[in-house]
Each structure stands twice: as structure tokens, then as C-alpha cells.
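Taking it in order: structure first as C-alpha cells, then the write-up.
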Amino acid sequence: MSAAPTAPLPATATEQLVAFVCDAAPAPTPATVAALRGLVVDTVAVATAGTRTPAADLLRSWVTEQYPARTADSTGLAAVWGTGTRLGPADAALVNGTAAHALDWDDAAPSMAMHPAAVLLPTLFALSARRPVTGAELVAAYDVGSAVFRAVSEILPHHVHYGRGWHNTSTTGRLAATAAAGRLLGLDRTATRHALGIAASCAAGSLANFGTMTKPMHAGLAARDAVTAVGLAARGFTANPGQLDARGGFLELFGEPSADRTARLGERLEHWRVAWVEDYAIKAYPSCFATQRAIDAGISLREELGADLGAHGDAVARIEVTLEHRGTRPLRDAPASTGLEAKFSLEYCLAVALVHGDVVLGDFTDAALGRPGLATLAAKVELGERPAADEPGHTVVRLHLTDGRTLERIVHHSRGDSHRPLTTDELAAKFGQCVGDGAPQRAWFEALHGVPDRTTASDLQELLAGPEAS
């Protein structure tokens, strides 16, 4: 009697990723193209402004000391965005990724704490220095990277990974950027397996470094390692071709592997390849994404009160802020002592919104922390989280006044969220804050906005260098 046939084993996470990267047919939609237009403009803008931060400046100084920067006529080198400096692709990815994340004004994924564009675009644009790309190729690669970012985070799952203190912009980001890069370069299955294995061994990034110069470098390191991983794998460099699923591999080290979640990875990759456009945000304010909804609430309450709460802080008894479950995880536990730390202080950000009616770059200098009224209001903020079973994804701010009134705002989507997007004019205004508002800068905005629509392959480096490099 013959034995009954055995059911095929479910595909491993590695094999599902490889099949997705290598075989998935491009499926750009008008929504993904439109989203990427905004993300290209925004990411280049915040990176250009970010190059002036101490973190990015020190890093670029160190990189160019190791490998002297070249001039713009050096073929195959990649631009440091908004400057005339050219570096090798991996070094450019490191510097641009760090600069993009340095102000914490870069994109975010509201469903999971991550900054996909700050890793993916520095990777893809660095590679375009040696492999010119069309807009359609860029969109297809970005879709792949966006899907990998979210789907791999889901199967870890995200709350376990992030709860252990890992910054998945840096950890999952390496796999996502490597997948996007492999797609752009057309790596075969064998090279893709090894590239993912190489990137998995580079993965790191601790939440303990939030509020320091090292936090933005997480994005730069992820982009650099992706460029390195695909370059080495294309040349035959090897890693464990099943690294993600192996004992001691990525999933075991960074999460709690589940056969059910892993079996659904391919399905989730296909879902997120298009659905990421419902899960991204172009930040309106230059601070941690966990502060954005509270800032919106504070600005609205300031408008209702019509009073300078900096001068009349005694009118406020206390300020109650409730975030979603685990929503406080990326925030500081102690008062900010530097402008950089203040980006991760919801108390400070909300106080600025209530006193000044907006939150802008100038609010995050060391000197700005000492302005009248801010510390008093910030000290009145009581920060809490809702239980896990409650509805996720919104922030409640209640202003308890000394006259007995209570004013409340509930914010489900912050300004700039894909469900509440910035207008083109608002995006242009943010671009102007970052790079300047002259005629050359406005022309640069329009040219960057059109990158996803380009039908001719280009290395993009002259465009990315911007008008200041001319």
C-alpha cells in the first residue's frame, strides 16, 4: 500500500521574499505614483536641511576624510543631496540617509514606527549613479521596499520587536532597502538570497539612542548596508541563503517567529505593495511622529482659547494626553535638555503648540527650550496610554482650566497623514523652509516632483545636487 502524499512544506520567509523581489510584476497605480512624487520632494528637502545639522555635518566630514569627496564631473559617484559633493554610492547613501533623518522631519508609517522613505530613497538614488533609472523603475522598486518594510515588521511582529528596544527603521529597514535595491538592479534569485543574508547580519539599531546623533545615523547605516549587500551579492559574495528563517537568524533574533504569520508573508507583501499609500505620512512638524497628533490638538486648542498661554499659563490646571497603546515608547521619559531631545518630548512639543500656535524648526534649538512659559506648561502634561484592546491610532488632549472648564481634542490623523495629506502648496512651503524659496529652489521643487513620471533613464545626480551645486 503506497503512502499518502505529504503536503508540501510552506515556503520559508526567505523564499517568499525572494519570489516577491524577483518575480512580482510591477503594479504602479496613480496613487503610488502621486505618493512618491511627494515623498521624493519631501525627503530631498529634509535631507538638504539636515546636512546642516551637527550629526550630518560630522558624519560627512568623517566620510570625506576617509575617502576624499570628488567633484560633480566624477562619473559613477553619487550626490550628497543639495550640495556639490560626490561620494561613492554606499557613502552617499550613508550621508543622505542620516541627513534625511537628522531633523526627524522625514516620512513616517502611522501603523508601525518606521521611516521608510528616509532609508529607501537614499539607497535607490545612490544606486542610480551607476544604474540610471526611469520613473517607473523607481516606483516599482519603492513599492517592493515599502511592502517589505511593513510585511516583515508584521511577522516579527512589530510590537515585540519594537518593545525589545529595536529601531525597525534600521533593522527591518536593511531588509527593505536591500529588497528594493535588488529589484532595481534585477538581481537573480541566488544573489537576492545572499544579499538579504548579508543585510540581515548588519541589522541593528537601539531605541536607547533616540534623542542623540546616532538615531538618524540608523537610517543612513541601513541605506549604506543595502547598497553594500546588493553590490557584494552581485559579485558572488555569500551569506546563509536561508538566513532569515535559520536558527539564530533574523526572525529568531529580532522577533517571535510564528509559522502562521510566516506562511502569510507572501500575501502580506502583495497587500502592502499597493496599500502602503494608505499608511504613510509627510510630517507637518519637525518632531517625532508620536508627537504629531498632540501638536495638531494643541494648535486647535490655542485657536479656540485665543490667548497666549505662555503669559497666562496659570489659567491651565493640567493637561491630560492619552495616546494609543504603546504610543509613548519612542518618547522621552525625562524633560528635554537639548533641542534634539526636545523632538522626542511630547510635553515640550505640545507646550510650543499651545503657546505659539505652530511648531517649526526654530523651536528645536538649545536656546529655544528656555523661552518663557514653555517649561511651566510642559510640566502640567500628564501622559498616558489606552489599553491594548481600545481603538488604536488616535490621540486625545484634554485641557483642564482653573475656571473649571475642560477643552478636548481628539485627533485620528495628523496633518500630512495619507488620510489628511498636505496640499501641494503646503508641501512647497515645507520645501521652502528646508532649502529656501527663490526661483531656483521653486524650479528644483517642480523637477523633483516629476521624478516618478520620467520616461527616460537618468542617473539623477545633477538634479539631486540642486541649484546650490551649480
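Quick note: the coordinates plus some simple rules give every number you see, no bench work behind them. These figures come from a predicted structure and were not determined experimentally. No Cβ is skipped: glycine too gets one built from the backbone with ideal geometry, and neighbour counts run over all protein chains shown.
Let me know the shape class of the chain, please: from the alpha-carbon gyration tensor, a ≥ b ≥ c as square roots of the eigenvalues, rounded when a/c is under 1.5, otherwise prolate if a/b is greater than b/c, or oblate. Oblate shape, in that a/c is at least 1.5 and b/c is the bigger or equal ratio.
Would you mind calculating the relative contact order of the range 289-411 from Cα pairs under 8 angstrom and at least 6 residues apart, reporting the percent as a whole number?
41 percent
Taking a ≥ b ≥ c as the square roots of the eigenvalues of the Cα gyration tensor, the range 13-278 is rounded, since a/c falls below 1.5. Legend: residue pairs Lys215/Lys283; Lys380/Lys430; Lys215/Lys430, Cα-Cα distance threshold 21 Å; pairs beyond threshold, Lys380/Lys430; Lys215/Lys430. Of the chymotrypsin sites (Phe, Trp or Tyr not before Pro) found in the range 235-338, those in coil by DSSP whose Cβ has at most 16 other Cβ atoms within 10 Å are Phe237.
If a/c stays under 1.5 just call it rounded; otherwise compare a/b with b/c (prolate if a/b is bigger, oblate if not). Do that for the range 289-411, with a ≥ b ≥ c from the square roots of the Cα gyration tensor eigenvalues. Oblate. Reported to the nearest whole Å, the Cα centre-to-centre distance from the range 277-306 to the range 199-227 is 26. In degrees from 0 to 90, rounded to the nearest 10, what is the angle of the helix 89-102 Cα long axis to the longest principal axis of the chain? Compared with the principal axis, the helix lies near 20 degrees. Applying both filters, DSSP loop and at most 14 other Cβ atoms within 10 Å, to the trypsin sites (Lys or Arg not before Pro) of the range 17-84 gives Arg52.
When both the range 135-190 and the range 386-452 are represented by their alpha-carbon centers, they are found 25 Å apart. Loop-located trypsin sites (Lys or Arg not before Pro) in the range 395-427 (DSSP state other than H, G, I, E, B) with a sparse environment of at most 11 neighbouring Cβ atoms within 10 Å: Arg405.
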